[in-house]
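Data first, discussion second: the structure below is written as structure tokens.
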């Protein structure tokens with residue numbers, strides 16, 4: 001039985017095509033696009049997109065609903081990610097359109113402790129759930 005468990009996990013990985021496991025990203029997505037900066041040692045910039053067949057907002061308990069300020073904030077994080085990926089010649093890996101960010105969508109922003117408040121984009125992990133398309137976007141940057 002012990003040998004069967006790793007095989008089952010491997011099979012599940014092959015089925016989804018995704019390798020990134022995160023407690024803030026619910027299981028059950030039907031489409032997965034993951035773009036991790038493989039050659040970065042200290043300052044990676046990552047972008048992922050997970051599409052669900054149904055609304056999963058009830059499983060995003062730590063996320064908060066966006067107001068107008070939140071819409072601008074989320075758009076700014078993903079624009080920063082786009083700029084970083086463009087500078088790394090990786091622009092083809094990101095398809096995020098900030099026009100999809102609306103009031104009422106959900107987001108979770110995680111910041112590393114110890115970074116100055118004035119440097120909004122120094123180190124972040126952002127999860128954004130677009131309720132209109134049931135799509136969860138993820139971005140992370142250590143820069």
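Quick one: length gained pulling residue 132 to residue 59 fully straight, 0.36 nm per residue minus the C-alpha distance? Don't skip to the end; give the middle numbers.
Numbers: separation 73, 0.36 × 73 = 26.28 nm, distance 1.60 nm.
Contour length minus the Cα-Cα distance gives 24.7 nm.
What is the extension gain from residue 98 to residue 22, computed as 0.36 nm multiplied by their sequence separation minus the C-alpha to C-alpha distance, in nm to one decimal?
25.0 nm
List the pair-distance distribution P(r) of the stretch 18-141, using every Cα-Cα distance, as the percent of pairs falling in each 5 Å bin from 0 up to the bin containing the longest distance, rounded to whole percents.
2, 11, 22, 24, 22, 13, 5, 1
Sorted by mean Cβ packing within 10 Å, highest first, what order do the peptides 78-89, 51-62, 127-138 take?
127-138, 78-89, 51-62
The numbers here are math on the coordinates, done by the rules we state, and not lab data. If you're wondering where the values come from, they're calculated on a predicted model, not measured in any experiment. Cβ sites come from the backbone with ideal geometry, for glycine too, and all protein chains shown count toward neighbours.
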